[in-house]
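The numbers here are math on the coordinates, done by the rules we state, and not lab data. Worth saying up front: this structure is predicted, and the values here are computed from it rather than measured. Here Cβ is always computed from backbone atoms with ideal geometry, including for glycine, and neighbour counts include all displayed protein chains.
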Amino acid sequence: MTKVAVIYYSATGHGSSMARRVAAAAEAAGAEVRVRPVAETQTPESFAHNPAWTANYQATKDLPAATGDDIVWADAVIFGSPTRFGSVASQLRAFLDSLGGLWSQGQLADKVYAGFTSTNTPHGGQETTLLTLYVTLMHWGGIIVAPGYTDPLKFVDGNPYGASLLANHDNIDEFDETTYNALDHLARRVVHVADRLGS
Ligand SMILES: Cc1cc2nc3c(=O)[nH]c(=O)nc-3n(C[C@H](O)[C@H](O)[C@H](O)COP(=O)(O)O)c2cc1C
C-alpha cells in the first residue's frame, strides 16, 4: 500500500481543511495516509486578536506535529502552506530547513511530491508559492508530480502546478466544487504515480 504524508501549515484553518480533503482523497485512492500539521512557531498571545488563527491553533495543537520521520516513512508527500508574500509560510520553511540531516543521507530523495496553497486574493502568488516549494523538493531529488492539465477539471481551476484556494474567512470549512475537484485530483494523481513507481 502506498504511504502518503500530508504535511501542512495553516494559520487560520483553510489549509487544515484542504489537508483533510487531500488526505480523504488519497485514502479513497487506496493509500495509507498520515496528516501532520507543522508546529506553530508564533506564541498564541501573538495571534490572540485573530479568532480564526486561535481556533485553528486550538483544534490542531494536540495532533502529532510533522517530523522528518513522516517523510522518511512516506512514499509520497503532499505539502500545504498559505501563501505569504508569494512564498510558503515561515512555519513550513522552518520545518523544511530542519531536514538537512535527512537530506544529507539521501532520505528525502526518490519520493513523489506535490503541493497545495491558498491566498486571500485571486492568484495572489499561488503559483510562485508552489514553484518555490518545488525548488526545495528538487534539491532533495524529489519526483515532483504536478497535476498539469491531465484531467478536464484542471481546465476549470487552471492551476497546473498544484491545487489552490482563494481563501476568505467564510470558507474555512467548505469550499467550492472546483477547489474540491482540484484537491481530489492532486491526491489521486500522487497516489497513482507513486503506485506506478512501485513504492
Ligand atoms: C504575512 C502574510 C502574507 C500574506 N501574503 C499573501 C500574498 O502574497 N498573497 C495573498 O493573496 N494573500 C496573502 N496572505 C493571505 C494568506 O495567504 C491567507 O491568509 C491564507 O491563505 C489563509 O490560509 P490559512 O487559513 O491556511 O492560514 C498573506 C497573509 C499573511 C499573514
Open item on the list: For a protection proxy built on the mean count of beta-carbon atoms within 10 angstrom, sort 172-183, 48-59 highest first, please.
Closed with: 172-183, 48-59
TODO: Output the antiparallel fraction of DSSP beta bridges having both residues in the range 3-197, as a percent to the nearest 5.
DONE: 10 percent
- [ ] Work through the residues other than Ala24 whose Cβ is under 12 Å from its Cβ and net out their charges, Lys, Arg +1 and Asp, Glu -1.
- [x] +1
- [ ] List the extent of the Cα atoms of the range 113-184 along each of their three principal axes, largest first, rounded to whole Å.
- [x] 38, 25, 18
Task: Dimensions in Å of the range 33-115 - Rg and Dmax from alpha carbons - done: 14.1, 42
Task: Neighbour net charge for Glu174 - beta-carbon separation under 13 angstrom, K R +1, D E -1 - done: -2
Task: Ratio of Rg to Rh over the range 1-74 (Cα coordinates, Kirkwood Rh, two decimals) - done: 1.03
- [ ] Any chance you could check the Cα centroid distance between the range 23-74 and the range 131-188 for me, in angstrom?
- [x] 18 Å
Task: q = 0.14 Å⁻¹, the range 32-77: log10 I(q)/I(0) [Debye, one scatterer per Cα] - done: -0.42
TODO: Report the calculated FRET efficiency for Ala109 and Asn168 (r = Cβ-Cβ distance, R0 = 35 Å), to the nearest 0.05.
DONE: 0.40
Task: Contact order relative to length of the range 3-197, as percent, for alpha carbon pairs under 8 angstrom and 6 or more apart - done: 26 percent
Open item on the list: Suppose we keep just the alpha-carbon trace of the range 3-197; what are its Rg and Dmax in angstrom?
Closed with: 15.4, 47
Open item on the list: What does the net charge come to around Trp73 if you take all other residues with beta carbon closer than 12 Å to its beta carbon, with K and R at +1 and D and E at -1?
Closed with: 0
